[in-house]
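**Q** Okay, handing you the structure first.
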Amino acid sequence: MKLTSDQKERYAKHIIMKSMGEEGQKLLLESRVLCVGSGGLGSPVIQYLAAAGIGTLGIIDDDVVEISNLQRQVIHGGNLGKPKVESAKEFVERLNPDVTVVAYKMRMEPGNVEELISDYDVVVDCSDNFATRYLLNDACVLHNKPLFHGSIFMFEGQVMTILPHEGPCYRCIFSTSPSTDAARTAGVMGILPGVIGTMQATEVVKYISRLGKPLVGRMIYYDALGMRFDEITVNKNPKCPVCGDNPQITSIDAENY
Amino acid sequence: MVMAKIKLFANLRESAGESEMEMQGENVQEILDGLLTRFPQLQELIFNDVEGNRELRSYINILINGNNILHLEGLDTIVNDDDEIAIFPPVSGG
């Protein structure tokens, strides 16, 4: 592809950096990213990936915009009652016409996850429950798809980049899912997903434009109250149920989620 | 006596009502025993009860100075003065 003169202007601050240049920008414009969830984490991820000029942005979510979302879901203003994927699509189209949005108003489930991720280069996990997180991890490991993890709880968040088989996956660290989702009822500081989501988006842009060092084998643990970032070294677990030496999970089976 | 610093995260922090504390013990097991004596409500968040035996829940991570005890000596890992022990679960919010 060749950048148009409008694109050269729009992305001038990217292009002027030698390490990114026109080549890096073209990689972004040719890329396909699937964002799972368009809520707290999804809002900043969608916002910044759209601004960066990701060519195709798939967005999957089955929720509609509620007033209690707007304390943190900053892309849905004025769209109460609308499906979040439509609201997100409107936002992106206003911000950057270079981006093609594919909106999926549905839940990600064992029956559709493999087909959905197969159309994309990378997947961003902005979901809000353990079932979807474990499902996405397993599908991405089985299909060797980079997965950009972010999750939040009250004043704290976790970020890591999963390059299947190269580094540890989610199950290497948290092999099975807790039976309860404490985050469901705990509340969240509205700015927190902004911090975590922009770190996920940073990792996506770096990966696609082949820049820097990915957050692989490390997890960033952010604590807003202490204003601390802890970097935790995480290793591949040989006993990991999905990417270990003798995996028990070798296909997506609804019983596991 | 060895004195280590404990850091709790996410719902463990919420349940204990404190995020950082100091605890005495020669190894991770002793440190955890002290922690659970002080905060008995953490017992079921950190351990499974398997036929009367305590087993660390598979999604709970315990790190000493950033290293997972799974890759050290597990609960028998020796603790030194001023070590920082972090205990964290996964979180699901998005």
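**Q** Mind listing whichever residues of the stretch A:17-72 are surrounded by 23 or more Cβ atoms within 10 Å (Cβ to Cβ), within 14 Å of another protein chain (Cβ to nearest Cβ) and without any contact (Cβ under 8 Å) to a residue 60 or more places away in the chain?
**A** Within the stretch A:17-72, A:Ile46, A:Ile59, A:Ile60, A:Asp61 qualify.
**Q** Sticking with this one: Can you tell me which residues in the stretch A:94-124 are of a type outside the set (Val, Ile, Thr), within 16 Å of A:Cys140 (Cβ to Cβ) and part of a helix (DSSP H, G or I)?
**A** Here is the first cut: in the stretch A:94-124, the residues of a type outside the set (Val, Ile, Thr) are A:94-98, A:103-112, A:114-116, A:118-121.
The next check asks that each one be within 16 Å of A:Cys140 (Cβ to Cβ); those that pass are A:108-110, A:112, A:114-116, A:118-121.
Answer for the stretch A:94-124, where residues must be of a type outside the set (Val, Ile, Thr), within 16 Å of A:Cys140 (Cβ to Cβ) and part of a helix (DSSP H, G or I): A:Glu114, A:Glu115, A:Leu116, A:Ser118.
**Q** Which of the numbered conditions does B:Leu8 fail, given that it passes all the others? Conditions: (1) in contact (Cβ under 8 Å) with a residue 60 or more places away in the chain; (2) away from every other protein chain (no Cβ under 14 Å); (3) open to solvent by less than 70 Å² (accessible area, probe 1.4 Å).
**A** Checking B:Leu8 against (1) in contact (Cβ under 8 Å) with a residue 60 or more places away in the chain; (2) away from every other protein chain (no Cβ under 14 Å); (3) open to solvent by less than 70 Å² (accessible area, probe 1.4 Å), the one that fails is (2).
**Q** For the stretch A:8-54: of the residues being touching a Ser or Thr at 6+ places or on another chain (Cβ under 7 Å) and assigned to a helix (DSSP H, G or I), which is farthest from A:Arg107 (Cα to Cα)?
**A** Step by step, filter the stretch A:8-54, then rank; the result is A:Gly24.
**Q** Among the candidates A:Asn112, A:Asn96, which residue alone is over 26 Å from A:Met189 (Cβ atoms), touching a residue at least 12 places away in the same chain (Cβ under 8 Å) and more than 14 Å from chain B (Cβ to nearest Cβ)?
**A** A:Asn96
**Q** Okay, next question. Going by the conditions given, is B:Arg54 open to solvent by less than 40 Å² (accessible area, probe 1.4 Å), at negative phi and without any contact (Cβ under 8 Å) to a residue 60 or more places away in the chain? Steps first, please.
**A** Working: open to solvent by less than 40 Å² (accessible area, probe 1.4 Å): no; at negative phi: yes; without any contact (Cβ under 8 Å) to a residue 60 or more places away in the chain: yes.
Considered against the rule, which asks whether it is open to solvent by less than 40 Å² (accessible area, probe 1.4 Å), at negative phi and without any contact (Cβ under 8 Å) to a residue 60 or more places away in the chain, B:Arg54 comes out as no.
**Q** Any idea how many residues of the stretch A:75-91 are open to solvent by 10 Å² or more (accessible area, probe 1.4 Å) and not charged (D, E, K, R)?
**A** The qualifying residues number 7.
**Q** Being within 12 Å of chain A (Cβ to nearest Cβ) and more than 14 Å from the chain's Cα centre (by Cα) is the filter here; which residues of the stretch B:40-89 pass it?
**A** Listed by number, the residues that qualify are B:His71, B:Leu72.
**Q** Is it the case that the stretch A:175-197 has a residue that's modelled with pLDDT of 95 or more and within 23 Å of A:Ala254 (Cβ to Cβ)? Let's see the steps before the verdict.
**A** If we filter the stretch A:175-197 for residues that are modelled with pLDDT of 95 or more, which is where we start, we get A:188-197.
With within 23 Å of A:Ala254 (Cβ to Cβ) added as a condition, the list becomes none.
So far as the stretch A:175-197 goes, no, none of its residues is modelled with pLDDT of 95 or more and within 23 Å of A:Ala254 (Cβ to Cβ).
**Q** Hey, does the stretch A:206-216 have a residue that's modelled with pLDDT of 95 or more and in contact with a Lys or Arg (Cβ under 7 Å, 6 or more places away or on another chain)?
**A** From the stretch A:206-216, those modelled with pLDDT of 95 or more are A:206-216; that's our starting set.
In the following step, the residues that additionally are in contact with a Lys or Arg (Cβ under 7 Å, 6 or more places away or on another chain) were identified as A:212, A:214.
Scanning the stretch A:206-216, I find at least one residue that is modelled with pLDDT of 95 or more and in contact with a Lys or Arg (Cβ under 7 Å, 6 or more places away or on another chain), so the answer is yes.
**Q** Looking at (1) under 24 Å from A:Ala50 (Cα atoms); (2) under 14 Å from the mean Cα position of the chain (by Cα), find the lone condition where A:Asp119 falls short.
**A** All conditions are met except number (2).
The values are calculated or read from the model by the stated rules, or taken from the named source; none is laboratory data. This is a predicted model, so every value here is computed, not measured. Ideal geometry is used to build each Cβ from the backbone, glycine not excepted, and the neighbour counts take in all protein chains shown. Calculation scope for accessible area: heavy atoms of the full protein, side chains included, ligands and nucleic acids excluded. Shrake-Rupley method; radii C 1.70, N 1.55, O 1.52, S 1.80 Å.
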